[in-house]
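Novice: Quick one: this structure, given as structure tokens, is what I'll be asking you about.
The values are calculated or read from the model by the stated rules, or taken from the named source; none is laboratory data. Worth saying up front: this structure is predicted, and the values here are computed from it rather than measured. FYI the Cβ positions are ideal-geometry reconstructions off the backbone, even for glycines, and counts take in every protein chain you see. Please note that ligands, DNA and RNA were not included when accessible areas were found on the heavy atoms of the full protein model with its side chains. Shrake-Rupley method; radii C 1.70, N 1.55, O 1.52, S 1.80 Å.
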Amino acid sequence: MSEQKQEVENENSQECENLQEENTCNEENEQDKLQKEFDELKDRYMRANAEFENIKKRMEKEKVTAMLYANEGFAKDLLDVLDALEAALNVEAKDEISLKIKEGVQNTLDLFVKKLEKNGIKTIEELKDFDPNLHEAMFHVDSADHESGSIVQILQKGYKINDRVIRPTKVSVAK
């Protein structure tokens, strides 16, 4: 009987070991599944967080751009006034009253230009060569004094707000 008992115990022991191995395998499979799920969730979180940061940066950039160019439409409207003041300075003045008026117009123009510059609106610098980003060619002329593609005459000043052109300089260009 003791031999049978020993045999039953061995079988029970064997079954126990098999159950323990099976439980260990199940636990390892469950742990692998949980680790995979954790890795997937972590990856999705990292991507969502990166996307959020990108959106935040883009919104900040758009906000800065909107603030820089908020006055663009208003500035365009003021350029006609600036042109009128400059035209008034080109009128010939001979008597004392006309000279005083012209001096007042010059002072007004200077103040006006300073206020525009304070708000980021500046005259496009005069260049010798035509740049389609800054200039608008009104017509081409034959000129012995100028190389082909160079500016012969400025017809109307151009302006930009910060780095954006709000009105190109109107020029005549040598053929």
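Novice: Using a cut-off of 24 Å between alpha-carbon atoms, which lysines can reach K61, once sequence neighbours fewer than 8 places away in the same chain are excluded?
Specialist: Straight-distance partners of K61: K76, K118, K122, K160.
Novice: Moving to a separate point now. Of all GluC sites (Glu not before Pro) in the stretch 61-120, which ones are in loop regions per DSSP and have a Cβ with at most 11 other Cβ atoms within 10 Å?
Specialist: Values: sites: E62, E72, E86, E92, E96, E103, E117; in loops: E92.
Filter output for the stretch 61-120: E92.
Novice: From the phi of every residue in the stretch 84-98, what ³J(HN,Hα) in whole Hz does the Karplus formula 6.51 cos²θ - 1.76 cosθ + 1.60 yield, where θ is phi - 60° and glycine or proline is x?
Specialist: For the stretch 84-98, the Karplus curve yields 5, 5, 5, 5, 4, 6, 7, 6, 6, 10, 10, 8, 5, 5, 5 Hz.
Novice: Measuring with a 1.4 Å probe in the full set of protein chains, what accessible area per residue, in whole Å², belongs to the stretch 98-168?
Specialist: Numbers: 5020 Å² over 71 residues.
Heavy-atom accessible area per residue stands at 71 Å².
Novice: Can you tell which of T169, Y159, F112 lies farthest toward the positive end of the dipole of the chain, using +1 and -1 charges on the Cβ of basic and acidic side chains (Lys, Arg; Asp, Glu)?
Specialist: F112
Novice: Any chance you could check the Cα centroid distance between the stretch 133-175 and the stretch 74-111 for me, in angstrom?
Specialist: Cα centres, the stretch 133-175 to the stretch 74-111: 24 Å.
Novice: Sticking with the crude label model, points 7 Å out along Cα→Cβ, report the distance from Q156 to D77 in nm, one decimal please.
Specialist: 1.8 nm
Novice: Another question about this same structure. Pull up the cross-link candidates among the lysines for K100, meaning alpha carbon to alpha carbon under 25 Å and not fewer than 8 places away within one chain.
Specialist: K114, K115
Novice: Pull up all non-local amide H partners of R167: gap of 5 or more, or a different chain, and H-to-H distance under 5 Å with H placed in the peptide plane.
Specialist: HN-HN under 5 Å from R167: Y159.
Novice: Search the structure for amide H atoms under 5 Å from the amide H of L155, placed 1.01 Å from N in the peptide plane, and list their residues when 5 or more places away or on another chain.
Specialist: K170, V171, S172
Novice: Let me ask something else. From the list (i) 0.97; (ii) 2.57; (iii) 1.29, can you say which value of Cα Rg over 2.2 N^0.38 Å was derived from the structure given?
Specialist: Recomputing Cα Rg over 2.2 N^0.38 Å here picks out (ii).
Novice: For L99 and L134 in the same chain, what is the full-extension length gain: residue separation times 0.36 nm, less their Cα-Cα distance, in nm?
Specialist: Working: separation 35, 0.36 × 35 = 12.60 nm, distance 3.47 nm.
That pair, L99 and L134, stretches by 9.1 nm at full extension.
Novice: Further question: Give the lysines whose C-alpha is closer than 18 Å to that of K102, dropping any in the same chain fewer than 8 places away, or say none.
Specialist: Straight-line reach from K102, under 18 Å: K94.
Novice: Now a separate question. If I model a spin label as a point 7 Å beyond the Cα along the Cα-Cβ vector, how far apart are those points for K115 and E40 in nm?
Specialist: The modelled label-to-label distance comes out at 6.5 nm.
Novice: Restricting to DSSP H runs of at least four residues, report the calculated mean residue ellipticity at 222 nm for the chain, -39500 (n - 2.57) per run over all residues, nearest 500 deg cm²/dmol. Numbers along the way, then the final one.
Specialist: Working: 3 runs with 108 residues, N = 175.
Result for the chain: -22500 deg cm²/dmol, rounded to the nearest 500.
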